[in-house]
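*Asks:* I have a structure here, written as structure tokens, and I will follow up with some questions on it.
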Amino acid sequence: MKLTVVGCGYLGATHAASMAELDHEVLGMDSDMDKVAALNSGKAPFHERDLDEMLARHIASGRLKFTASYTEAAAFADLHFIAVGTPQLPGEHAYDLSHLFSAVRQLAPHLKGPAVVAVKSTVPVGTAPRVRDLLNEFAPAGDAIEVAWNPEFLRESSAIEDTLRPDRLVLGFETEHSWAETVLRQCFEKIIETGTPTIVTDWATAELAKASANAFLATKISFINAIAEVCEASGADVTQLADILGHDVRIGRRGMQPGLGFGGGCLPKDIRGFMARADELGVDQALTILREVDAINNWRRERMIDLAREQLDGNLTGKRITIWGAAFKPNTDDIRDSPALAVAQKLHELGATVTVTDPQAIDNARKTHPELDYIDDPSAAVQNADLLLHLTEWPQFSHIDPHHLAARAGTPRVIDGRGTLNTETWREAGWTVRALGRP
Ligand code: UGA
């Protein structure tokens, strides 16, 4: 099939490359010329495992290319995926839908015949009819354009895997047995035929599928982190507790790793956007739980600051603190709402000299946090440090031998904010070890 992907950020670039992998002919469209040039040279403007290789391979095969022209995109295919970003409005909880509506508005005048517009962007429930109305108003083909809702559940760092082998496919349509359904089933045929659960539903359910999934994932993380606070106060071990709970198949261990909490461009924004939409719908009380989820998540960052202060005898001024981690999670260079950087910045504001290291995210972190010091080598970063904080659980960090590191540190003191360091080995190596949620 021929298809386009409008908006080539994390979601769109991954979707475009993955659709080429499924043997489709794909034209990615983005109004950022630099991004288009990078993608056409087989390079994503962000770090995602295997994506550059896949981009390069399909650009070479001719199945994938990128453009900045809506005219070209509209002429290329009759199936258009929309994957533009829907960030949080500055100073508000609600989504900024301007990129979505602008993309639809710019594509519409070029749609002269029947087409399917399949939206993947995360939105508040009730957005699909607004997209349909825009297309009806501005597309010459009018109501011959069908709108489909196809939420995406991919995680950064396993984006391609999640796209090609998703846990489920959700397809939302205005009416049953539509032409759009036939088109999307054909597009995803190779995924569906492997037995992937495929749920065909209405627009609102498809929109809510994404909002509720992210709300649940955030709740699960904040739940275990709330329990971590009780563990800290009572001398229990939250990591063991999470394992114990996780053996119950109704609970499950995945997505319940205790620690510094969630960040990134999705979970924090999506729980707030969901609350804002519930408020508009007059059911805000139904989602007050998410206010707590957000608050618990922010407390973990405060708790880390308190623990650091405690370890440094109540005085942060002039203390040398090394932070392992800048990315919001491992295997990405994404620093949006990174818990590690939030802690780093706060410690700097409180008078500490903060040195940050990260395998991928230093360049991005330096742009937004020039006040911090950066160093590539995690062992060298610990030289003369008064305190080491482990805040993003890159596997590289847990493989470092704490014995030779102890000699480099000013004082061998560490706080594990992610629960993945072997605290016993670190203690044996002479470190004073504290960990969130552990005795
Ligand atoms: C999240 C969802 O997991 C995806 O399903 C969804 O498609 C995506 O948002 C989106 O809306 O686009 P992502 O933000 O890439 O994906 O990352 P996650 O792996 O969910 O991690 C989010 C944050 O939670 C990270 O800061 C991570 O460190 C933290 N986390 C995750 C925990 O603290 N504990 C866990 O058990 C899991």
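The values are calculated or read from the model by the stated rules, or taken from the named source; none is laboratory data. Please read all numbers here as calculations on a predicted model, not as lab measurements. Quick reminder, even Gly has a Cβ in these numbers, built from the backbone with ideal geometry, and neighbours come from all protein chains shown. Heavy atoms of the whole protein, side chains included, go into the accessibility calculation; ligands, DNA and RNA do not. Shrake-Rupley method; radii C 1.70, N 1.55, O 1.52, S 1.80 Å.
*Asks:* Anything in the stretch 336-355 that is outside any helix (DSSP H, G or I), within 16 Å of the ligand (Cβ to nearest atom) and either open to solvent by less than 10 Å² (accessible area, probe 1.4 Å) or basic (Lys, Arg) (or both)? List them, or say none.
*Replies:* 336, 338
*Asks:* Right, here's the next one. Take the conditions open to solvent by 10 Å² or more (accessible area, probe 1.4 Å), closer than 12 Å to residue 145 by Cα and touching a Phe, Trp or Tyr at 6+ places or on another chain (Cβ under 8 Å) and apply them to residue 87. Does it pass?
*Replies:* The answer is no for residue 87.
*Asks:* Name the helices (runs of 4 or more DSSP H) wholly inside the stretch 84-183 in which the number of residues that are outside the structural domain of residue 276 (by TED's automatic domain parsing) and away from the ligand (no atom under 16 Å from the Cβ) is 1 or more.
*Replies:* 98-107, 128-138
*Asks:* Now, a different point. Across the stretch 187-222, what is the number of residues that are surrounded by fewer than 14 Cβ atoms within 10 Å (Cβ to Cβ), out of contact with any strand residue (DSSP E or B) (no Cβ under 9 Å at 6 or more places or on another chain) and of a type outside the set (Asp, Glu)?
*Replies:* 4
*Asks:* Given the conditions (1) under 23 Å from residue 314 (Cβ atoms); (2) surrounded by fewer than 18 Cβ atoms within 10 Å (Cβ to Cβ), report the number of the one that residue 363 does not fulfil.
*Replies:* (1)
*Asks:* Another question, then. Report yes if residue 15 is more than 27 Å from residue 264 (Cβ to Cβ), in contact with a strand residue (DSSP E or B) (Cβ under 7 Å, 6 or more places away or on another chain) and touching a residue at least 24 places away in the same chain (Cβ under 8 Å), otherwise no.
*Replies:* No, not satisfied.
*Asks:* Out of the stretch 421-439, which residues are surrounded by 15 or more Cβ atoms within 10 Å (Cβ to Cβ) and in contact with a Gly (Cβ under 8 Å, 6 or more places away or on another chain)?
*Replies:* Listed by number, the residues that qualify are 435, 436, 437, 438.
The rows are residues; the columns are (1) in contact with a Ser or Thr (Cβ under 6 Å, 6 or more places away or on another chain); (2) assigned to a helix (DSSP H, G or I); (3) away from the ligand (no atom under 15 Å from the Cβ).
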| residue | (1), (2), (3) |
| --- | --- |
| 262 | no, no, no |
| 275 | no, yes, yes |
| 310 | no, yes, yes |
| 313 | no, no, yes |
| 332 | yes, no, no |
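*Asks:* Sticking with this one: Could you list, in sequence order, the residues of the stretch 154-180 that are out of contact with any Leu (no Cβ under 9 Å at 6 or more places or on another chain) and more than 16 Å from residue 9 (Cβ to Cβ)?
*Replies:* Result: 158, 165, 167, 168, 170, 172, 174, 175, 176, 177, 178, 179.
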